[in-house]
Amino acid sequence: MIDMVEDNQEKDKTPSIKSVKLDRGMSVDEVQKLLTAPMENRERAYYRAVYETFYRANELLQCNIEDYNKETGELVALYTKNKYNPRTRQFLKSPPKQMVLSPTTQLLFKKIIGNRKKGAIFINNQGVRLSKTYLEMKIDEIATSIGIQRVAFITPTGKEYHLVTIKALREAGERHCDLAGADSDVTARGSQHSAIVKEKHYKKAGWDEVQEQVKKYHPAFKE
């Protein structure tokens, strides 16, 4: 099924605005190449966590050491994206997310956290929380260096559009888990999509069920 997705990507053609969005997804092979490419442990831990938890870029960056359970590998994202209700034109505060990391990513977290007891998980050499801008730049740099970055040009503006991004990695994690046999309604609950229409089809699953599905079907947990 994954091969079919790859075959449908018109890599040699300049995609339209619509097809750019459809072709953004990364294959399992591309994700594997990205996550095993040369990079610092903090970047590798971050990208792996995005892929495994489906957390949005800033949701993961806002996680602190206090939000991570070293014993269980569970990571709680307290600052999640609020949902917009078009009927009331108001934002509804989303509850915290709580996902479990794979054993490999837990080891990386242990290395980057070290003896620190509190504060941001992902920090630079000066101890400052890493920014989304830096990590977006870094994933583009890495993807380009290993030959998996794909660039499209949106017509008629000719604007350059890079297809391997943090968002693409997050979406790939959910899709790959589904393709491997997970319940798509449950993983949708895990990613907390903001679309009200799709939310109507969510299964009312608890976090234990979401974590069970991810650990059972996600490629990262098969290593």
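Just to verify a result, which residue in the stretch 116-141, among those that are of a type outside the set (V, I, T) and touching a Cys at 6+ places or on another chain (Cβ under 9 Å), is farthest from N41 (Cα to Cα)?
Result: A120.
Can you give me the number of residues within the stretch 119-140 that are open to solvent by 60 Å² or more (accessible area, probe 1.4 Å), over 16 Å from L61 (Cβ atoms) and touching a strand residue (DSSP E or B) at 6+ places or on another chain (Cβ under 9 Å)?
Final tally of qualifying residues: 0.
May I ask you to list the residues in the stretch 112-132 that are in a loop (DSSP other than H, G, I, E, B), in contact (Cβ under 8 Å) with a residue 12 or more places away in the chain and of a type in the set (V, I, T)?
Keep residues of the stretch 112-132 that are in a loop (DSSP other than H, G, I, E, B), which gives 114-119, 121-122, 124-128, 130-131.
Checking which are in contact (Cβ under 8 Å) with a residue 12 or more places away in the chain leaves us with 116-119, 121-122, 130-131.
Hit for the stretch 112-132 is I121, nothing else.
Return the residue satisfying two criteria in turn: it lies in the stretch 155-169 and is free of Cβ contacts under 8 Å to residues at least 40 places away in the same chain and more than 17 Å from the chain's Cα centre (by Cα), and of such residues it is least open to solvent (accessible area, probe 1.4 Å).
Filtering first and then ranking leaves G158.
Considering only residues that are surrounded by fewer than 18 Cβ atoms within 10 Å (Cβ to Cβ), modelled with pLDDT of 75 or more and touching a helix residue (DSSP H, G or I) at 6+ places or on another chain (Cβ under 7 Å), which ones fall in the stretch 74-103?
Of everything in the stretch 74-103, those that are surrounded by fewer than 18 Cβ atoms within 10 Å (Cβ to Cβ), modelled with pLDDT of 75 or more and touching a helix residue (DSSP H, G or I) at 6+ places or on another chain (Cβ under 7 Å) turn out to be V76, L78, Y79.
Filter the stretch 43-67 down to the residues that are open to solvent by 20 Å² or more (accessible area, probe 1.4 Å) and touching a helix residue (DSSP H, G or I) at 6+ places or on another chain (Cβ under 8 Å), then identify the one that is nearest to A172 (Cα to Cα).
In this case the residue turns out to be R56.
Considering A143, A172, A152, which residue is open to solvent by less than 10 Å² (accessible area, probe 1.4 Å) and either within 14 Å of the chain's Cα centre (by Cα) or more than 21 Å from D29 (Cα to Cα) (or both)?
On the way: A143 fails: either within 14 Å of the chain's Cα centre (by Cα) or more than 21 Å from D29 (Cα to Cα) (or both); A152 fails: either within 14 Å of the chain's Cα centre (by Cα) or more than 21 Å from D29 (Cα to Cα) (or both).
Residue meeting the stated conditions: A172.
The values are calculated or read from the model by the stated rules, or taken from the named source; none is laboratory data. On a predicted model such as this, the values are computed, not experimentally measured, just so you know. Don't worry about glycine lacking a Cβ; one is built from the backbone with ideal geometry, like all the others, and counts go over all protein chains shown. Calculation scope for accessible area: heavy atoms of the full protein, side chains included, ligands and nucleic acids excluded. Shrake-Rupley method; radii C 1.70, N 1.55, O 1.52, S 1.80 Å.
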